[in-house]
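In what follows, a single structure is set out as structure tokens and then discussed.
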Amino acid sequence: MHGENHALMFEFPELKDKIHDMKMADTAFCSMVDEYHHLDHKIRGLEMAKIPTDDDNFRHLRMRRVQLKDEIYQQITQ
């Protein structure tokens, strides 16, 4: 759905405390989460404002967000 908020606290509400703790303890994890949030904000902004963007660029942004989400999930469920 366009404009849907994919923030990690909505994607993994049961793991939000663990995500916070890991962000505080691991700078690499924190950077990955920050990149995810930046991409999610950028994607939602493009969707909501209906700003024209190259389909390949938009698809790349969305695929990167999915990759990051998968990597984050793998780390928080280890």
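Would you rank MET22, MET9 by solvent-accessible area, highest first, keeping every protein chain in place and using a 1.4 Å probe? Before the final figure, lay out the partial values.
Details: MET22 40, MET9 115 Å².
From most exposed to least exposed: MET9, MET22.
Helix by helix through the chain, keep the DSSP H runs that span 18 Å or more along the axis on Cα and average at least -0.5 on Kyte-Doolittle, and give those back in order.
27-49
Compute the distance in nm between two label points, each set 7 Å from the Cα along the Cα-to-Cβ direction, one at LEU15 and one at MET48.
Between LEU15 and MET48, the simple spin-label model gives 2.5 nm.
Rounded, prolate or oblate: which one fits segment 16-58, using the alpha carbon gyration tensor with axes a ≥ b ≥ c (rounded when a/c is under 1.5, else prolate when a/b beats b/c, else oblate)?
Values: a/c = 4.95, a/b = 2.72, b/c = 1.82.
Prolate, since a/c reaches 1.5 and a/b exceeds b/c.
Is there a quick way to get the dipole size of the chain? I mean about its Cα centre, with the Cβ of Lys and Arg at +1 and of Asp and Glu at -1; what is the value in debye to the nearest 20?
Working: 11 positive and 15 negative charges, 31 e Å.
Charge dipole, the chain, about its Cα centre: 140 debye, nearest 20.
Which of these values of Cα extents along the principal axes in Å was calculated from the structure shown: (1) 39, 20, 17; (2) 35, 23, 18; (3) 51, 22, 20?
(1)
Quick one: if you stick a label point 7 Å off each Cα along the C-beta vector at SER31 and THR77, how many nm between them?
2.5 nm
How large a share of the accessible area of the chain, in percent, is made up of carbon and sulfur atoms when the probe is 1.4 Å and the other protein chains stay in place?
Details: 2930 of 5490 Å².
The nonpolar share, carbon plus sulfur, comes to 53 percent.
Run the helix sum for the chain: -39,500 (n - 2.57) per DSSP H stretch of 4+ residues, divided by residue count, reported at 222 nm to the nearest 500 deg cm²/dmol. Each step should come with its number before you reach the end.
Values: 4 runs with 59 residues, N = 78.
One gets -24500 deg cm²/dmol as the mean residue ellipticity at 222 nm.
In segment 26-59, what trypsin sites (Lys or Arg not before Pro) fall in a loop by DSSP, with at most 12 other Cβ atoms inside 10 Å? Walk me through the numbers on the way to the answer.
Details: sites: LYS42, ARG44, LYS50, ARG59; in loops: LYS50.
The qualifying sites are LYS50.
Please give the solvent-accessible surface of TYR73 in Å², to the nearest 10, using a probe radius of 1.4 Å with every protein chain present.
90 Å²
Keeping to pairs on different chains or 8 or more places apart, tell me how many lysine pairs in segment 1-74 have Cα atoms under 22 Å apart.
Numbers: LYS16/LYS42; LYS16/LYS69; LYS18/LYS69; LYS23/LYS42; LYS23/LYS69; LYS42/LYS50; LYS42/LYS69.
The number of close lysine pairs in segment 1-74 is 7.
The values are calculated or read from the model by the stated rules, or taken from the named source; none is laboratory data. This one's a predicted model, so the numbers in the text were calculated from it and none came from an experiment. All Cβ positions, even for glycine, are placed from backbone atoms using ideal geometry, and neighbour counts span all protein chains on display. Accessible surface is based on the protein model in full, side chains and every heavy atom, while ligands, DNA and RNA are left aside. Shrake-Rupley method; radii C 1.70, N 1.55, O 1.52, S 1.80 Å.
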